[in-house]
Each structure stands twice: as C-alpha cells, then as structure tokens.
Amino acid sequence: MEYSLKSFEEYFAQSEVIRMNHYHVDGRLKHVMLSHQFSIQLLEELFDIADRVKEMTRKTNGIEFLKSLLGHKKAMLYFTQPSTRTFLSFLTACQMVGMDTGEVRDPSLSSEYKGESQEDGVRVFSSYFDIIIMRDPKPGFCEYMAYLLDNTGRSVPILNGGSGKDQHPTQALLDLYTIHRSFQQKDGIRKKRYAFVGDLLRGRAVRSSVMLLSQYKDIEMDFVAPSSFQIAEDLEKILHNQGVKINKTDKLESVLSKVDCIYMTRIQDEYDLTGESNNIDYSQFSLTTENVKKMKPSSIILHPLPRRNEISPNVDADPRAMYWRQLRNGVYIRAALLLYVFNVAHRLDEY
Ligand code: CP
C-alpha cells in the first residue's frame, strides 16, 4: 500500500458500498464514517442506550457507574477543522464513560509542522490510543485513515466528527435522537414532514441527516434554499430511488404551516471559491418570532449550530425551539456510541 494522495483519491473513488465493507467487523460497526451505516434497528438500540445514560447522569451512583465502564480505554481527538459542539460533546462523552483523552486541534503545534504526513500522525495516535475521533476538511479523509489503519497499522476504531462537505454522521445521530425524543408520543420519526432550510448543497449535517432519515417510511421532505444552494443531484437521486417524496422551493413561507420539523442551517461560506455566498439574501431563509407563528404548535425547530442570523435569538424561548436540547443530546448519543463501539453497553444492566 502506497501512502500517497493518489492512493487516497483512488480509495475515495470507489463506491460507498465497497468502502462501507471496510467499516464493519463481525457484523458490528467498527468505524463510523457515513450516517447510512446505521440501520433503524441499530439507531433504536443507540437511542435506548442514550436514554439510559441520560437517566444515570442524574444520580451520583449512576455517574460513578458510567465512569467505571471504559476507564481502561483512551480516546484521541484530532480536529483539524474548527469545532465547538462536536469536539466538546465528544470530550464530555468520553469523560462521562471514564475514558482518558488526548487532543490535537492545531496541527502547527504537532509534528505536522515539521513535515510529518497526516497519515503518519494518525498511525502515531493509533499506537497510543484505543479510538480516534477526527474532523478534517478533506471529504473522505477519515475513511482513508480507517482503511490505512486496517491494512497497514494498529487498527483502532475511527469516528468521523465531520469530513469536508460530505458527512457528519454523529450529528445525524443526535439530530434523529432529538426528533425521536420530541415525537415519542406521536408515531416517532415516521409519518412526518421535514423541511431543511439554508445552504443545503454544502451542509454536511443536512446531507448526513437526510440520508439517515430517508430510511424511515412515510416521510416527506421539503428542501428550502436559494437555487444555487439546493441539495446535490446525487442526494436527490438517492431519495428518489428510496421513494421519498420531496419538494424543492425557495419560498420558506410556503412550507412553514405544513411541516412537523424544520431544520435550519447557516450559509457555509467557508467553502466559497469565488464569493458565491455574497449575493444571497439570507433573510429569506430565516426564522423570526413573526414567521414561526405560522408553524404547527406540535412542530419542532432544529439547527446543528453554530447559527448566524437564520434563527432570531427571540425564537429561543419558543417551546418548539429544540436546538439547545439538540446539542445537549449530542453528549448522550455520543456516549452511547462509545459504549456500543467498545461493546460494553450490555453492562448498563448491572446498574
Ligand atoms: N454542529 C457542529 O458540528 O458544531 P461544531 O462545528 O461546533 O462542532
């Protein structure tokens, strides 16, 4: 195996179906790379684990018991793209289940500064730690690292904390966990109409959540975006093949009263090549105290955050605003994922 960018490109050029074969061992998920690696059955197992973890954190003996579960494991957090929530919620989740952690957030303070390749750096992490949680701006790069470790190094699980514009699978987990908890008494995630609003072309959270959600029956999706930032063609084709009913529009007002869940996103202008975000009137894709009045009383508002102006802070007090709860749920579902990956979730029964 040659450690070269060419090899990475060749690897990533293979279909997802082929690549996904590398991410399971003995029928269990080892590496978390793509949101659609999770079946509905596995999602429900994780939701149940997360609920139990959440409950246990309310009691001192529950907190102590959780800490005993993975005290023998260590996690490396390698984040070369900025993050607040994903980094901190993974860190908190690790602490919750007793794991020690190491981190590199600024490669200029690691030996990458001296010219060491990222591939070699990740091999070093795999020598010292039992799991690597990483975010990188290059699409597919953490997939490639998982493949390299499996074939050439000390193989440890890798969790994708966000890879370029393509995937953010654990964000999708916390999004669906929040939807699941919000609609527990009303058919759960199924039989709902979901609107995704904003920069849908470049938002990896949207892509991952849409792909995960599309496994559920009887759902409809509205994609509300400026025409230049509508969902990617390949995603639309996947939804079409799965029989998901979709509607594309640039008129937010046209969907507000119809949907059960509205998922807001910011403009992803860090990916601009030629200032393509500059001429967008984003106020047309924003929630205010006025236009949320049109939404159903039973609906919910999500946002992966960070936000800019697409949700007025005055909306935060609305009982349908779930985005602060959503980010807190990120800790519990990520703790659940760690317990699942290290195959110790069954030990919760001992509590
Ligand atoms: N939602 C999310 O990924 O937030 P951060 O970029 O702060 O991690």
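See the values below:
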quantity: Whichever lysines have a C-alpha closer than 20 Å to that of LYS191, once near sequence neighbours (fewer than 8 apart) are set aside; calculated: LYS217, LYS245, LYS248, LYS258, LYS296
quantity: Helical contribution to [θ] at 222 nm, DSSP H n ≥ 4, -39,500 (n - 2.57), averaged over the chain, rounded to 500; calculated: -11000 deg cm²/dmol
quantity: Gain on full stretching of the segment that runs from ASP106 to LYS138 - 0.36 nm per residue minus C-alpha separation; calculated: 9.9 nm
quantity: Chain lengthening between ARG347 and THR289 when straightened (0.36 nm per residue, less Cα-Cα); calculated: 16.3 nm
quantity: Distance (nanometres) between label positions extended 7 Å along Cα→Cβ at ILE40 and ARG28; calculated: 2.5 nm
quantity: Helix 169-182 axis, angle to the chain major axis (alpha carbon atoms, nearest 10°); calculated: 50 degrees
quantity: Antiparallel bridge percentage (DSSP; both residues within the chain; nearest 5); calculated: 10 percent
quantity: Simple spin-label estimate for TYR282 and ASP250 in nanometres, 7 Å along Cα-Cβ; calculated: 1.7 nm
quantity: The chain: angle of helix 60-69 to the longest principal axis, Cα-based, in degrees nearest 10; calculated: 50 degrees
quantity: Solvent exposure of the range 105-224 as accessible area per residue, Å², 1.4 Å probe; calculated: 33 Å²
quantity: Cα-based helix-to-principal-axis angle, 204-213 vs the chain, degrees rounded to 10; calculated: 80 degrees
quantity: Net charge over other residues, Cβ less than 11 angstrom from the Cβ of LEU159 (K, R count +1; D, E count -1); calculated: +3
quantity: Separation of the SER127 and GLN14 label points, Cα + 7 Å toward Cβ, nm; calculated: 2.6 nm
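The values are calculated or read from the model by the stated rules, or taken from the named source; none is laboratory data. Keep in mind that this is a model prediction, so the values were computed, not measured. So basically every Cβ, Gly included, is an ideal-geometry build from the backbone, and we count neighbours across all protein chains shown. Just the protein is used for accessible areas: all its heavy atoms, side chains included, with ligands, DNA and RNA removed. Shrake-Rupley method; radii C 1.70, N 1.55, O 1.52, S 1.80 Å.
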